[in-house]
Amino acid sequence: MQTSAKHFEFRGEAGEFFKIWIVNIVLSIVTLGIYSAWAKVRTKRYFYSNTLLMNTPFDYLADPLKILKGRLLAFGLILLYSLSALLSPVLQGAVLIIILFALPWIIIKALKFNLYNSAYRNIRFSFDADYLRALGVFIGFPILVPLTLGLAYPAFVRARKKFVIDHSAYGTSTFTMEATNGQFYGVYLKAAGIMLLAVLAAVALARLNQSLSLASEGSAVFALLFFMLLIWLPLFITIYGYLYTSISNLVINHTGLQQCRFESALTTAAICRLYIVNTLAIMLSLGLLIPWAMIRTARYRLSCLTMVSSGDMNAFIAAEAEKAEALGEELDDLLDLDIGL
Amino acid sequence: MITIKAIYYDGRSSTQLPVLVTFETSGVIVIEGETLRLTTHFNRTTIASRLGNTRRSLFLADGAKLETDDNDAVDSVCREFGQNPWQAILHRIEQRWLYALSAVVVGITLTWAAIAFGVPLAAFWAAKALPVGVEQQVGEQTLASLDNWLFTASEIGDAEQAQLQQRFSQIAATAPGPYRLLLRNSKKLGANAIALPGGLIIATDALVELAENDEQMLAVLAHEIGHVEYRHGIRSILQDSLTAILMIGLLGDASSISSLSATLPTVLVESRYSRQFEQEADRFALNLLREQGIDAEHFARILTLLNQSHHSDTEFDYLSSHPATNKRIEIIRSLESR
């Protein structure tokens, strides 16, 4: 069978989604938060169903009742933790250690829930990983990173991505991520290089400025602010955009699923522009443009995504997947963990 | 009878099969494709609620699934069999701009109402339900960390301390709770008094020195007793957490870019809450002082002194969370003249 490229497509519209979003919020308030579980499912369904591959949408299948139960349980646990903080620091420390060791479990459960409830062509995705491996990736590495003065960080990012992708499956077919440590270090090295150059340039400029200026202290402060805003802010946004883009592309371009592989062509410039415009729009509209920002972000990211397949798209087989509970997912949501895929 | 075009998936493989689906008035559903003919019943089929114009899923009992773009036809089938009427209403609401715009107005109003009235009320009831022991433990805990971090032992002479304690227990005796007055020295706080949950009241040496007579001192202490009586400490902790939870609930699904919009209103309402608490404590103090036959003018005077002493340099501004001192003094005088 010959190779063919299939583009992902996003059909969501900001106007349509805005109405769904605002109704979600109002119903969530009116029902004192109970509807928020249904709101979450509707939002996710909207994005999944508007993501199409070969003119076929993805499906989000989670049961809102399960999410509600998970959410209440997660909420109760977090409340307990906050109360323990009020009562005694020793108790809080103990709870914190328990949470630390529960973290890998929470992450596995959250991924399980999300993937089990994602489907394409009526075949579910799934996630299966053991606790010890997750402990190494999510607790071991974060301890190692400061000990190596950050040198282990690119390896940590790779381990995280690899953990998530290698344990994911579509039906009976498992995903694989083949990007090497060398490639991850390459990306971070380049980012560090840009940073170094920018710092050197800034120092040189500051020297120049100093030797030229005869001015008072006031204008020196002004010059400093000017530097911060004009050089540092764009620099940080660029570096952030560069890292996000390169890592996403690297990971996706080295991800495979049987005879399929994926291609991602995000560009740093577009990601930075997206990020800046979204942030400004959300701030200036007091949050009302959040749906618009979500839609255009999804549209751009999916427009850059392609699947290259040399096999039969009808040949994927469903697996006997175990059912997933929502507690992990909701804890993850409330704790705002960044699993990052 | 309604017939629609759909794609059939058996749930075992990713094969797509184009089919015609016929909904008969009896509730029987007939699915016909090139290599397939099967019948099922409406009661054994779960139809996903309509969501914008996304493709509709119909889940069959055996794990198979139909996908169709013909949303309107599926809607009319649902109507005919009276299934999920409220889902249809939900879709109708989500479709119209008029409803969406009213939702914006209702949403903002409700959020404001929840923060302005709902949260304080909930915190009030929660504080009431809290066992006294918990509140006392929170107070002791806070005192221990404050002693470590901020306070040194008081340098006020024993005789003066004993006199102050005696007059304090006189006014505290009329209030229900058990109270303890603690004197502490702190450079950072300057002239200040703090009420902790459970009835611990701390006054700094600088405050004792600032007060020109015992009555002024008692006025400040009465104000702090007011804070404890109304359980302001525990209530403000509860209110802060509740506001934060409310914001997470509201914006939790709106992705993390919104964290700024979640913290900003929280900060804004916090100062509003504390102003209300100060006014409550002031009123309590005035009543207590009147019962004890202490002229409210002493209260006004010590507020002026505090204002002057804090005008310049201390890190912790006793008055920052309080309403403008002049306004408070005005209120005190107006109540007194009545």
Binning at 10 angstrom from zero up to the longest distance, how are the C-alpha pair distances of region B:2-95 distributed in percent? 16, 52, 27, 5, 0
Kindly write out, for region A:266-279 in residue order, the coupling ³J(HN,Hα) from the Karplus curve 6.51 cos²θ - 1.76 cosθ + 1.60 (θ = phi - 60°), rounded to whole Hz, with x marking Gly and Pro. 5, 10, 4, 4, 5, 5, 4, 4, 4, 5, 5, 4, 4, 4
Chain B, Kirkwood Rh and Cα Rg, ratio Rg/Rh at 1.29
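Would you mind giving the mean number of other chain beta-carbons within 10 Å of the Cβ of each residue in A:23-34, as a whole number?
On the way: counts 10, 4, 11, 13, 4, 5, 11, 3, 0, 4, 6, 0.
If you average over the peptide's residues, the count of other-chain Cβ atoms is 6.
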Taking K and R as +1 and D and E as -1, what net charge do the other residues with C-beta under 9 Å from the C-beta of residue B:227 add up to? -3
What span do the alpha-carbon atoms of the protein assembly as shown cover on each of the three principal axes, reported in whole Å from largest to smallest? 102, 75, 48
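Order these peptides, B:84-92, B:182-190, by their mean beta-carbon neighbour count within 10 angstrom, highest first. Each step should come with its number before you reach the end.
Details: B:84-92: 13.6, B:182-190: 18.0.
Per-residue mean Cβ counts within 10 Å order the peptides as B:182-190, B:84-92.
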Which distance in nm do the two modelled labels at residue B:334 and residue B:297 give, with both placed 7 Å along the Cα-to-Cβ direction? 2.1 nm
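Near residue A:155, within a Cβ-to-Cβ distance under 12 Å, what is the net charge of the other residues, with Lys and Arg +1 and Asp and Glu -1?
Values: positive: A:158, A:160, A:161, A:162; negative: none.
Cβ neighbours under 12 Å give a net charge of +4.
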Would you please give the FRET efficiency between residue A:96 and residue A:63, computed as 1/(1 + (r/R0)^6) with r the Cβ-Cβ distance and R0 = 35 Å, to the nearest 0.05? 0.65
In terms of Cα to Cα distance under 30 Å, which lysines are near enough to residue A:162, apart from those fewer than 8 places away along the same chain? A:6, A:40, A:44, A:66, A:109, A:112, A:190, A:323
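How charged is the neighbourhood of residue B:203? Take every other residue with its Cβ under 14 Å from the Cβ of residue B:203, and add Lys/Arg as +1 and Asp/Glu as -1. Kindly include the intermediate steps, with their values, before the conclusion.
On the way: positive: B:167, B:180, B:184; negative: B:155, B:160, B:205, B:209, B:214, B:224.
Net of charged neighbours comes to -3.
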Please give the per residue volume of the convex hull enclosing the alpha carbon atoms of region A:52-131, rounded to a whole number of Å³. 97 Å³
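Only bridges whose two residues both fall in region B:2-95 count here: according to DSSP, what percent of them are antiparallel, nearest 5?
100 percent
Take each of the peptides B:8-19, B:144-155, B:116-127, average the number of other beta-carbon atoms within 10 Å over its residues, and list them starting from the highest.
Result, highest mean first: B:8-19, B:116-127, B:144-155.
Just to verify a number: FRET efficiency for residue A:196 and residue B:95, C-beta to C-beta distance, R0 = 35 Å, to 0.05? Walk me through the numbers before you get to the answer.
Values: r = 54 Å, r/R0 = 1.55.
Efficiency, from the Cβ-Cβ distance: 0.05.
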Listed residues B:29, B:237, B:194; largest mean-square fluctuation, Gaussian network over chain B with Cα springs below 10 Å, found at B:29
Would you mind telling me which residue in A:159, A:179, A:269 has the biggest mean-square fluctuation in a Gaussian network model of chain A, where springs connect alpha carbons within a distance under 10 angstrom? A:269
Sites removed, the longest contiguous part of chain A containing no DSSP-loop GluC sites (Glu not before Pro) with at most 10 other Cβ within 10 Å is A:1-319
Using the charge dipole of the protein assembly as shown (Lys, Arg: +1 at Cβ; Asp, Glu: -1 at Cβ; taken about the Cα centre), state which of B:102, B:21, B:325 has its Cα farthest towards the positive end. B:21
Separation between the residue B:187 and residue B:275 pseudo-spin-labels, each 7 Å from Cα along Cα→Cβ, expressed in nm? 3.5 nm
Partner lysines whose C-alpha sits under 29 Å from that of residue B:327, ignoring same-chain residues fewer than 8 away, are B:187, B:188
Hey, how many Å between the Cα centroid of region A:61-94 and the Cα centroid of region A:109-142? 21 Å
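Every number in this text was worked out from the coordinates using simple rules, so none of it is lab data. In this text, all values refer to a predicted model and were calculated from it rather than measured experimentally. Methodologically, a virtual Cβ is constructed for each residue, glycine included, from the backbone with ideal geometry; neighbour enumeration extends over all protein chains shown.
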